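Comments concern the structure below.
The values are calculated or read from the model by the stated rules, or taken from the named source; none is laboratory data. Computed from a predicted structure; not experimentally measured. Ideal geometry is used to build each Cβ from the backbone, glycine not excepted, and the neighbour counts take in all protein chains shown. Ligands, DNA and RNA are stripped out before the accessible areas are found, and what is left, the full protein with its side chains, is counted by its heavy atoms. Shrake-Rupley method; radii C 1.70, N 1.55, O 1.52, S 1.80 Å.
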Amino acid sequence: MKFYDRINELETLAQIEKQSSETACFTIMIGRRRIGKTSLLLRSSEGKRLLYLFVSRNSEAVLCNQFQQQANEALGLQIYGTVNRFADLFEQLLIFAQHEHYTLIIDEFQDFNNINRAIFSEIQNLWDKYKDRVKLNFIACGSIYSLMMKIFENNKEPLFGRLTSKIVLKPFTISVIKGILKDYNPTYTADDLLFLYTLTGGVSHYIALLMNAKAVTFKKMLDFVTRSDSPFLNEGKELLVSEFGRDYSTYFSILQLIATGKTTQSEIDSIIGKNTGAYLANLENQYSLIVRNKPMFSKPESRNSHWTIGDNFLRFWFRFIYPNQSLIEMGKFDLLRLYITNNYEQYSGLLLEKYFRQKFAEEETITTIGNFWDNGGENEIDLIALNDFDRTAIIAEIKRNPKKISLQTLAMKTAAIQKSLAKYEVSLKALSLNDM
């Protein structure tokens with residue numbers, strides 16, 4: 001698949017690279033695995049002097065030997081003798097940058113934590129010593145969000161306060177997802193688009209896997225996901241086991257429950273059999289995997305909230321793949337496919353709601369967006385989009401089938417929040433697969 005979008009990020013990286021020719025810049029780029037960080041950084045560095053280093057889980061001495069060779073090949077920097085400490089190598093790279101401008105990318109930077117935690121302090125000491133004398137575009141790239149945040153934003157860590165820029169790389173927008181699918185399937189249907197969004201959430205690697213395999217319709221995508229050799233089947237474990245460590249089974253159980261509709265702590269606690277408050281707090285604040293949703297216009301202290309998995313792929317994986325590990329182990333991929341098919345329509349209705357909220361947030365002039373439900377569960381509103389500049393509000397009912405939408409019923413539900421909408425000019429909308 002060709003390179004798509006990232007126009008704003010490329011402009012930002014170009015500005016940083018230009019600035020670094022006069023004064024040292026220290027940037028971090030953070031994003032979930034498979035999001036396209038490395039491809040973006042390499043794209044932004046085309047035609048530039050670049051040293052790209054990848055932190056694999058080897059010993060410090062082995063890594064330094066590899067890095068030493070790469071520095072020689074990429075920059076012509078010859079470091080004589082055996083270098084066993086990263087600090088010694090990094091100092092030579094900084095000394096070289098006193099006379100030569102270049103970009104240094106260290107990928108999976110957080111994995112220094114598994115090799116030698118002292119490396120972070122050593123980088124800090126050397127950066128403080130040389131930063132005013134070097135012309136270096138230093139970019140640390142990482143995919144384990146919790147560790148990268150701890151390394152750079154915890155005021156007790158040595159690299160706190162050293163950054164000049166931070167880039168958080170997000171999935172492709174809906175317009176980009178639509179553009180990619182149109183390139184590969186000009187006659188795509190709304191169901192094709194919804195499944196692509198539901199499965200990938202705009203993560204570039206997942207989209208590339210499907211497009212390169214010519215899995216460009218709902219049926220072909222589903223076939224690809226449920227193949228015996230599908231890279232999607234084990235993806236959730238590969239992404240999260242290293243994040244969670246020894247507690248991964250408890251975290252996986254909680255995520256599975258949320259994905260299957262147990263979205264309140266009381267529901268989760270009753271099934272897990274213990275208080276899961278600390279786990280939920282970690283999933284939200286440390287790992288950024290779940291989101292606490294509250295009804296629009298609710299008070300800050302309101303306990304009327306539901307948890308959802310923010311990442312579309314992981315939400316899909318914990319709903320359909322993880323609970324069916326036994327089918328996968330027995331090789332019954334036809335039954336896995338049948339299970340997804342039988343439950344997909346109801347599941348995709350919820351993702352269609354998320355799709356439209358994201359679409360409105362990206363494309364409309366709005367200041368706040370969300371949804372609403374009351375404690376009794378009688379008045380549920382799928383989309384509320386407010387524009388505080390011109391004081392207009394859009395209230396929408398969202399269903400796959402437009403025939404199942406009643407604007408009259410929506411108007412009755414809207415009456416439950418009439419006080420909160422008093423200053424807005426309200427318009428009601430029906431949104432379905434036809435409006436994607």
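In table form, for the structure just shown:
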quantity: Failed condition for Asn212, given (1) open to solvent by 50 Å² or more (accessible area, probe 1.4 Å); (2) over 22 Å from the mean Cα position of the chain (by Cα); calculated: (2)
quantity: So Leu94, is it modelled with pLDDT of 95 or more, part of a helix (DSSP H, G or I), buried (at least 20 other Cβ atoms within 10 Å of the Cβ) and out of contact with any Asp or Glu (no Cβ under 6 Å at 6 or more places or on another chain); calculated: yes
quantity: Test: residue in segment 402-421 that is in contact with a helix residue (DSSP H, G or I) (Cβ under 8 Å, 6 or more places away or on another chain), open to solvent by less than 30 Å² (accessible area, probe 1.4 Å), without any contact (Cβ under 8 Å) to a residue 40 or more places away in the chain and in a strand (DSSP E or B); calculated: no
quantity: Selected residue [of a type outside the set (Lys, Arg), assigned to a loop (DSSP other than H, G, I, E, B), surrounded by fewer than 17 Cβ atoms within 10 Å (Cβ to Cβ) and touching a residue at least 12 places away in the same chain (Cβ under 8 Å)] from Asn434, Asn375, Asn343; calculated: Asn375
quantity: Filter result (hydroxyl-bearing (Ser, Thr, Tyr), part of a loop (DSSP other than H, G, I, E, B), surrounded by fewer than 19 Cβ atoms within 10 Å (Cβ to Cβ) and under 27 Å from the mean Cα position of the chain (by Cα)) within segment 42-87; calculated: Ser56
quantity: Residue that is most open to solvent (accessible area, probe 1.4 Å), among those in segment 240-266 that are of a type outside the set (S, T, N, Q) and over 30 Å from Asp111 (Cα atoms); calculated: Lys262
quantity: Filtered residue count, segment 346-372, keeping only those that are open to solvent by 30 Å² or more (accessible area, probe 1.4 Å) and touching a Ser or Thr at 6+ places or on another chain (Cβ under 6 Å); calculated: 1
quantity: Selection within segment 139-167 - open to solvent by 70 Å² or more (accessible area, probe 1.4 Å) and in a strand (DSSP E or B); calculated: Lys166
quantity: Residue in segment 348-363 that is farther than 21 Å from Lys170 by Cβ and either in contact (Cβ under 8 Å) with a residue 12 or more places away in the chain or not in a helix (DSSP H, G or I) (or both) present; calculated: yes
quantity: Segment 223-241, residues that are over 17 Å from His205 (Cα atoms), part of a helix (DSSP H, G or I) and in contact (Cβ under 8 Å) with a residue 40 or more places away in the chain; calculated: Asp223
quantity: First in segment 287-299 and open to solvent by 40 Å² or more (accessible area, probe 1.4 Å), second anywhere and of a type in the set (Ser, Thr, Tyr) and outside any loop (DSSP other than H, G, I, E, B), Cβ under 8 Å, 6 or more apart; calculated: Ser288/Tyr145; Ser288/Ser146; Val291/Thr308; Asn293/Thr308
quantity: Residue, nearest to Thr23 (Cα to Cα), within segment 107-138, restricted to residues that are more than 26 Å from the chain's Cα centre (by Cα), surrounded by 16 or more Cβ atoms within 10 Å (Cβ to Cβ) and charged (D, E, K, R); calculated: Lys135
quantity: Filtered residue count, segment 194-209, keeping only those that are open to solvent by 10 Å² or more (accessible area, probe 1.4 Å) and either aliphatic (A, V, I, L, M) or under 14 Å from Thr341 (Cβ atoms) (or both); calculated: 2
quantity: Total residues in segment 148-167, condition touching a residue at least 24 places away in the same chain (Cβ under 8 Å) and touching a Phe, Trp or Tyr at 6+ places or on another chain (Cβ under 9 Å); calculated: 11
